[in-house]
Amino acid sequence: MRWLRLTKRTLLLALLGFAGFLAWGYGRNHPQDVPWAPLDLAQPVGAFTRAKLAELEPAQCRALLRRAGIRFAALPDRSDGPECGYQGAVRLRGGAATIGYAPASLGTSCPVAAALALWEWHVVQPAALRRFGRRVERVETFGSYSCRRLYGRRTGQWSEHARANAVDIAAFRLEGGRRIPVLDGWRDPGADGAFLRDVRDGACRLFATTLSPDYNAAHRDHLHLDEAGRGAAGWRVCR
Ligand SMILES: [Zn+2]
């Protein structure tokens, strides 16, 4: 009996070792799908990309942007009291990212900028080509930094906008000039509506929080995207 127990335990250990070996091998080939591999913006979007983006430190994040060939300007740190301000924020300048942002002065936390670049490459441009046969040239926003609480209330939780860790997307302008606003496009039964839902769904894989007109009336005219830190578990809000 003792011999049998020993064999069982050896077998179990061997199985665990083999499973570990398989996981290690999988992680080597799919770093975006395992939690322990560092983020690389050149990798495809995987199961852990979103959680890794939200947890990036500013210096580490800027290094990733540089390595990916994303042109940006580093913004000086800003403090407007204990709840408002930002450190390590950036302004995207095009380059590897081909989309321009309007207003061009848009500055965001580095994780939001990194997520916007991945969103452009893996979600926005493929969706635009699929739905319209042309690329998006410009993304119009309602901006990022704003020292305010959620919904501009006087009490309660502070918004991610108060740390420039969020961006509100208002419209997309295609090559050739056609404009697709979130406000009118969302209910459109044709390509505009389908495109806007494509980019919303894709944002959910990259941003900690994605809120669309489906969520509430306050979001009827924009997509709210943020990288709220929620720990390594990285649960998301996608509505
Ligand atoms: Zn917002």
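Readers should treat all values here as calculations from the given coordinates under stated rules, not as data from a laboratory. The structure displayed is predicted, hence computed values, not measured ones. Reconstructed Cβ throughout: ideal geometry from the backbone, glycine too, with neighbour counts over all protein chains shown.
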_Taking R0 as 25 Å, what FRET efficiency do you get between Trp235 and Asp40 from their Cβ-Cβ distance, rounded to the nearest 0.05?_
0.60
*Compute the signed sum of charges (Lys and Arg +1, Asp and Glu -1) over the other residues within less than 10 Å, Cβ to Cβ, of His222.*
-2
*Picking from Pro44, Gly69, Ala171, whose Cα lies most toward the positive end of the charge dipole for region 40-238 (charges on Cβ: Lys, Arg +1; Asp, Glu -1)?*
Gly69
*Compute the distance in nm between two label points, each set 7 Å from the Cα along the Cα-to-Cβ direction, one at Gln157 and one at Arg130.*
3.0 nm
_Pairwise label distance in nanometres, Ser146 with Ala47, each label 7 Å out on the Cα-Cβ vector_ = 3.7 nm
*Rg ratio (alpha-carbon, reference 2.2 N^0.38 Å) - region 153-239*: 1.16
_Kirkwood hydrodynamic radius (C-alpha pairs) into Stokes-Einstein, the chain, 20 °C and 1.002 mPa s, D in µm²/s_ = 111 µm²/s
*asked:* Looking at the chain as a GNM with Cα springs under 10 Å, which of Ala19, Ala194, Ala42 has the largest mean-square fluctuation?
replied: Ala19
*If the viscosity is 0.692 mPa s and the temperature 37 °C, what translational diffusion coefficient in µm²/s does Stokes-Einstein give for region 135-192 when Rh comes from Kirkwood over Cα pairs?*
251 µm²/s
*For Asp184 and Lys8, what does the FRET efficiency come to when R0 = 45 Å and r is the distance between their Cβ atoms, rounded to the nearest 0.05?*
0.10
*Report the local net charge at Gly185: Lys and Arg +1, Asp and Glu -1, summed over other residues whose C-beta lies under 14 Å from its C-beta.*
+1
